[in-house]
Each structure stands twice: as C-alpha cells, then as structure tokens.
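Here is the structure we will look at.
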Amino acid sequence: MILVTGGTGYIGSHTCVALAQSGHDLLILDNLCNSRADVVDRLEMLCGKRPVFVKGDVRDAALLANIFAQYRITAVMHFAGFKAVGESIEMPLAYYDNNVNGTLELLAAMRRANLRTFVFSSSATVYSDPDGVPLREDSPRSASNPYGRSKLIIEDILADLHRAEPDWRIARLRYFNPVGAHESALIGEDPQGNPNNLMPFVAQVAIGQREFLNIWGNDFATPDGTGRRDYLHVVDLAKGHIAALDYLNLQGGMLTVNLGTGRGYSVLEVVKAFERASGCVIPYKVGTRRPGDIAQYWADPSLAYELLGWKYRRGLDQMCRDAWRWQQQCDKRGTSD
Ligand code: NAD
Ligand code: UDP
C-alpha cells in the first residue's frame, strides 16, 4: 500500500488514479486545507476501489505512527504542502513549518517504521534565474522566495539523508507547470479565490466568471514578448511518479529528475490554444510585469526518458481541452470560486 500525503489535492489525486491503475492500494493522508473530502468519492469511481482516507496532518507524529503500525505501507509519495509563492512571502513561518517541518516529521516517522522509499514533489522553482534554457538537473539552484526556499531546503535534507543512510530510496521530482485535468472531468485543480496560475485563470475567463485575463507584461525577450513556460498535462505528470517509483524499487538510490515536456509556450500561445479548445473568445489586457517573473524557462526532460522511460504524451491542445472540460464541470457544480 502506498501512503499519498496530500492525495486529495490537484497532483496527488491524479497520481492516486495512476497508482491504482498500476495495481497499488492507496492510503491518502490529507488535512483538507486546500482540497475537499468528496475527491475521495470521485477517486473511488476512477480507481474502481475506494482509497483509505485519513483526515489529518503530516506534522502529527502520533497519527503517522498509527498509520505505519496499522497498514503495510511500502512507499510514501509526499504531495502535502503549501504552494503559493505570494502567500509564502507574507507567511514565511507557516510555509517553513508546513513544508519543511511536515517533511521532517514524515521522514522521522518513516525511519521509525523502517520504511525508506520516498517520492518528493519538488519544483522547477529550485532553479536559479535561468540564463540558459533548457534547464538540466545540474543547472544552478537558488531561491527567491520562502516557497522556493522550502523546496530547496527539503531537496538538501533528502540529499543529506541519503548520504548518511544510503539504503533510502528517494526521488526528487522537479515539476514544471502542471495544467489540465483528468479527461473524465471528475478531478482537477480547484483553486479557491483568485487563481494564481495562468491556465485556471484563462479557464475562468472563458466561462465568463472573469471579464478578462491580465497578461503580466509583453516586453520580455521572447518571440511575442509574453512569458514562456513548460506546461505539462497533470496526467502525464502523475505517470511520471509511477515511473519514478518503479525505478526506485528496481534500482534504489537517489533520483533527481525534471518532469516537463521540453518546450515552452508563451501566454499568447496558451490563450490561442484555449480559444481553440473552448470555442470561446478570451479577452485580455496587457499589464505590467509581475514582480520577480522570469521571461522563459523549460525543462530538458531527457534524463527522465533515459532513466525512467518517461516522456510526456499530451500536447497543449489536450491540456486546454481537459482544463476546459473540468472548468465546465466546476461551473455546473458551482464549486469554483
Ligand atoms: P494542492 O494544494 O492541490 O495539494 C496539496 C494537498 O496537501 C492539499 O489537498 C492540502 O489539503 C494538503 N495538505 C497541505 N498541508 C498539509 C498537511 N500539513 N497535512 C496534510 N495535508 C496537507 O497542491 P498541488 O498542486 O497538488 O501540489 C502538490 C505538491 O506539488 C506540493 O508540494 C507543491 O508544492 C508541489 N508542486 C506543485 C506545482 C503546481 O504548479 N501545482 C508545481 C511544482 C510543485
Ligand atoms: N500569467 C499572466 N497572467 C496571469 C497568470 C500568469 O500573464 O493571470 C503569466 C505569467 O507571467 C507567466 C505565465 O503566465 O509568464 C505562467 O504563470 P504561472 O503563474 O501559471 O506559472 P509560473 O510563473 O509560476 O511558472
């Protein structure tokens, strides 16, 4: 059985489906601070079997000890954490506590239970302001905000742990920009309040919840002046976790890989693709740059292919189609916003 922390969240829920499809039993631990309990019902529909769900916090050592005593957990996939850059600047202590302390508690509980297979959600945010794309796993790292620093710190803790105790099997997966939703539209990203990220914002403009998209700058040194990112379908990302787990089970060791497509799309290209997918016009206004925004970056995903045989399969049009289908479901259920 796999313990999935944050398993009712956006990426965790899609990974639960992929894990179930690969024959794994699941235990989800989530405190529901950024997701809903009814995701478990939808996962039951998609997985053909109801995952065990424990509502609780990864920082709760007694709860973790109980879980490890009661269930035969063989590996942990750790998605639980806070992820909003702006919020992390306003609430650094809460971010370090939840992300860094939460991971430490989890690792300590695993160690006590003699469980040593760990898959961690890292991020492309650990790379320094990139002066050369594509970004490779050995590109320089740094952080410019507490969220990014929490990921850097955890990456370093995991490296230290593996150096001290080489029988740990650890994957540090550096996600690029996850977007889209499961094609069933039963699960997806459900941002509360104003979405920070481009794709959910565009989807809300398309459905008429918001009047227009604010494009944050069109004076970057990119072909059309707008920022370019490596968008990755969340189902492809989820499958990358299965490939990583298989690798760890077979090879052991410490794995650090980018999960991205290797190509960047600009904000305007995303807008056009979303218009094609939805049949809606997406009005936009060009504003000033978002503080700290980087012009462009994308992954060199070749190491993931070489080591894991993993490669993305779903292109930008499918990302937009699935994001649109999910947005329409949210609208019907009245769950968004
Ligand atoms: P999400 O907020 O949808 O999911 C995180 C889940 O963790 C939520 O269900 C939340 O309720 C739960 N959670 C948070 N703190 C918890 C705690 N202390 N105990 C138990 N549960 C807790 O986020 P997501 O987009 O699915 O991201 C998952 C992971 O991937 C995060 O670690 C995030 O930093 C990382 N990541 C996300 C992105 C992205 O763009 N979405 C990019 C790179 C990395
Ligand atoms: N972006 C934008 N308007 C928005 C949200 C995002 O123009 O409302 C741009 C942003 O400047 C960046 C790209 O879209 O160039 C992706 O932004 P997102 O926040 O989704 O990802 P990140 O910048 O964290 O990689």
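In table form, for the structure just shown:
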read-out: Ranked by how many other beta carbons lie within 10 Å on average, peptides 198-206, 36-44, 50-58 from highest; value: 198-206, 50-58, 36-44
read-out: Only Lys, Arg (+1) and Asp, Glu (-1) charged, at Cβ; the range 229-337 dipole about Cα centre in debye; value: 340 debye
read-out: Nonlocal amide H pairs with R141, under 5 Å, H built at 1.01 Å; value: S128
read-out: Antiparallel bridges, percent of DSSP beta bridges restricted to the range 115-197 (to nearest 5); value: 10 percent
read-out: Candidates A61, A69, A109: whichever shows maximal mean-square fluctuation once the chain is modelled as a Gaussian network with Cα springs under 10 Å; value: A69
read-out: For the chain: relative contact order, % (alpha-carbon pairs under 8 angstrom, 6 or more apart); value: 19 percent
read-out: Long-range tail of P(r) for the range 223-337 (Cα pairs > 16 Å, %); value: 68 percent
read-out: Hull-based mean projected area of the range 104-262, where the convex hull spans the alpha carbons, in square nanometres; value: 11.9 nm²
read-out: Å³ per residue enclosed by the Cα convex hull of the chain; value: 122 Å³
read-out: L259 long-range amide H proximity, modeled H, under 5 Å; value: R174, Y175, F176
read-out: DSSP beta bridges in the chain [antiparallel fraction, %, rounded to 5]; value: 10 percent
read-out: Amide proton proximity set for T117, modelled H, under 5 Å, gap of 5+; value: V76, R169
read-out: Percent of Cα pairs exceeding the 21 Å cut-off, where the set is the range 115-191; value: 42 percent
read-out: For the range 88-192, with +1 on Lys and Arg beta carbons and -1 on Asp and Glu, the positive-most of S88, L152, H162 along the dipole; value: H162
read-out: Extreme residue, positive dipole direction of the range 260-318, given options A295, V270, P283 (C-beta unit charges); value: P283
read-out: Alpha carbon convex hull of the range 203-288, projected area averaged over orientations, nm²; value: 7.6 nm²
read-out: Anchor K285: aspartates and glutamates whose Cα lies under 13 Å away (excluding residues fewer than 8 positions away in-chain); value: E211
read-out: All lysines inside 20 Å of K239 as judged from Cα atoms, apart from same-chain residues fewer than 8 positions distant; value: K49, K311
read-out: Contact order normalised by residue count of the range 11-111, Cα under 8 Å, 6+ apart, percent; value: 26 percent
read-out: Signed unit charges on C-beta, dipole axis of the range 97-151, positive-most listed residue L107, A143, V119; value: L107
read-out: Semi-axis lengths (Å, descending) of the ellipsoid that matches the C-alpha gyration tensor of the range 288-332; value: 27, 23, 8
read-out: Of R290, R321, R141, the one that fluctuates the most in a GNM where the chain has Cα springs shorter than 10 Å; value: R290
read-out: Overall Cα dimensions of the range 8-157, principal axis frame, Å, largest first; value: 47, 31, 29
read-out: Projected-area average for the range 91-132 over all orientations - Cα convex hull basis, square nanometres; value: 4.2 nm²
read-out: The range 59-122 versus the range 225-283: alpha-carbon centroid distance in Å; value: 24 Å
read-out: Net dipole in debye of the chain [+1 Lys, Arg Cβ; -1 Asp, Glu Cβ; about Cα centre; nearest 20]; value: 460 debye
read-out: Counting all C-alpha pairs of the range 1-77, share separated by more than 13 Å (%); value: 61 percent
read-out: Structure-based [θ]222 nm, the chain - -39500 (n - 2.57) summed over DSSP H runs of at least 4, per residue, nearest 500; value: -12500 deg cm²/dmol
read-out: Student exercise, the range 1-52 dipole from Lys, Arg, Asp, Glu Cβ charges, in Debye to nearest 20; value: 40 debye
read-out: Rel. contact order, % - alpha carbon contacts under 8 angstrom, at least six apart, the range 85-244; value: 22 percent
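Rule-based calculations on the coordinates, nothing more; no lab input. Given the structure is predicted, the values throughout are model-derived calculations rather than measurements. With ideal geometry, Cβ positions are generated from the backbone for all residues, glycine too; neighbour counts draw on all protein chains shown.
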